[in-house]
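Novice: Sharing a structure, written as structure tokens. Questions coming.
The values are calculated or read from the model by the stated rules, or taken from the named source; none is laboratory data. On a predicted model such as this, the values are computed, not experimentally measured, just so you know. Ideal geometry is used to build each Cβ from the backbone, glycine not excepted, and the neighbour counts take in all protein chains shown. Heads up: the accessible areas ignore ligands, DNA and RNA and are worked out on the full protein's heavy atoms, side chains in. Shrake-Rupley method; radii C 1.70, N 1.55, O 1.52, S 1.80 Å.
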Amino acid sequence: MKICSIGNSFSQDAHKWLYKLAKDNGYKLETVNLYIGGCDLKTHFINAENNNPYYSFEPNGNKGTKFVSINEVLTAEKWDVITLQQVSQHSGMPETFRPYLTSLANTVKKLQPEAKLYFHQTWAYETDSDHYGFANYNNSQEEMYNCILKASEQASELIGAELIPTGTVIQRMRENLPEFDYKNGGLSLCRDGFHLSLDYGRYAAAATWLRVLTGIKIGTTDFEDFNSEYLNKINGIVNSL
């Protein structure tokens, strides 16, 4: 399976462990993240319309190797899966999706008619995040998550895509696993209040993607520096999707 994401640092978080986790579970895939930091749907749309080569080409969770355009990547080879997403601070604001998401999705479908389209649901910020965009949700993690949940479901329906519910998995971990109950002394799943933590946050995102894209149960892992008990609990939440 070949996966291409038109995204930013939030898809970068999701891709970091995806290739390795798939390999550990006996599943072969290749991933590419088209990265521009903080890129929103409007900018992706403009870049696609103008064939702008502004994206860092990040293969299999690694650093970028070159700069490319969306059109260049989507016409160079066949992709099985293509994912789209909104920038995090606007991810719960459906009015920011139109008309850019539909136009971008139409471009993708035109260039890759056989690829399966997915919409990546991002996550709510940490409770004490100082990200300026948190104000869009009254600095409330719960409000931000609920807005993202509704907006991402609408987005998926709008473009006929399946949903990758990373935000839902992250929120379930916060609410159901004491290890990640940050408000009561648990580990934060964010490293800076909004990006995912380099270990369990990014692992959970990768597991969610692998589960949704392949349908397999997430099990075998080879993450020596991670707490295996924590990973098993994360897998349990992901496998319940």
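Novice: Report yes if some residue within segment 46-63 is under 24 Å from Phe134 (Cα atoms), open to solvent by less than 10 Å² (accessible area, probe 1.4 Å) and not in a helix (DSSP H, G or I); otherwise report no.
Specialist: Within segment 46-63, none of the residues are under 24 Å from Phe134 (Cα atoms), open to solvent by less than 10 Å² (accessible area, probe 1.4 Å) and not in a helix (DSSP H, G or I).
Novice: If only one of Ser240, Ser197, Ser188, Ser228 is of a type in the set (Gly, Ala, Ser) and touching a residue at least 24 places away in the same chain (Cβ under 8 Å), which one is it?
Specialist: It is Ser188.
Novice: From the set of residues in segment 160-171 that are surrounded by fewer than 19 Cβ atoms within 10 Å (Cβ to Cβ) and out of contact with any Ser or Thr (no Cβ under 6 Å at 6 or more places or on another chain), which is nearest to Arg98 (Cα to Cα)?
Specialist: In this case the residue turns out to be Gly160.
Novice: Name the single residue, out of those in segment 197-206 being over 20 Å from Cys4 (Cβ atoms) and aliphatic (A, V, I, L, M), that is surrounded by the most Cβ atoms within 10 Å (Cβ to Cβ).
Specialist: Pass one, segment 197-206, residues over 20 Å from Cys4 (Cβ atoms): 197-201, 203-204.
Next, from what is left, pick out any that are aliphatic (A, V, I, L, M): 198, 204.
Details: Leu198: 12, Ala204: 29.
Out of the qualifying residues, it is Ala204.
Novice: Residues being surrounded by fewer than 18 Cβ atoms within 10 Å (Cβ to Cβ) and either touching a residue at least 24 places away in the same chain (Cβ under 8 Å) or outside any helix (DSSP H, G or I) (or both): count how many of those fall in segment 70-101.
Specialist: Taking segment 70-101 first, the residues surrounded by fewer than 18 Cβ atoms within 10 Å (Cβ to Cβ) are 71-72, 75-78, 80, 93, 95, 98-99.
From the residues that got through so far, the ones that are either touching a residue at least 24 places away in the same chain (Cβ under 8 Å) or outside any helix (DSSP H, G or I) (or both) too are 71, 75, 77-78, 80, 93, 98-99.
Final tally of qualifying residues: 8.
Novice: When you look at Thr31, is it more than 20 Å from Ala205 (Cβ to Cβ) and either assigned to a loop (DSSP other than H, G, I, E, B) or in contact with a helix residue (DSSP H, G or I) (Cβ under 9 Å, 6 or more places away or on another chain) (or both), yes or no?
Specialist: It is false that Thr31 is more than 20 Å from Ala205 (Cβ to Cβ) and either assigned to a loop (DSSP other than H, G, I, E, B) or in contact with a helix residue (DSSP H, G or I) (Cβ under 9 Å, 6 or more places away or on another chain) (or both).
Novice: Return the residues of segment 126-167 that are among the hydroxyl-bearing types (Ser, Thr, Tyr), within 22 Å of Trp209 (Cα to Cα) and without any contact (Cβ under 8 Å) to a residue 60 or more places away in the chain; say none if nothing qualifies. Walk me through it before giving the result.
Specialist: Of segment 126-167, the ones among the hydroxyl-bearing types (Ser, Thr, Tyr) are 127, 129, 132, 137, 140, 145, 152, 156, 166.
Now drop any that are not within 22 Å of Trp209 (Cα to Cα), which leaves 145, 152, 156, 166.
Hits for segment 126-167 are Tyr145, Ser156.
Novice: Sticking with this structure for a sec: If we keep just the residues of segment 207-224 that are charged (D, E, K, R) and surrounded by fewer than 20 Cβ atoms within 10 Å (Cβ to Cβ), which is modelled with the highest pLDDT?
Specialist: Step by step, filter segment 207-224, then rank; the result is Lys217.
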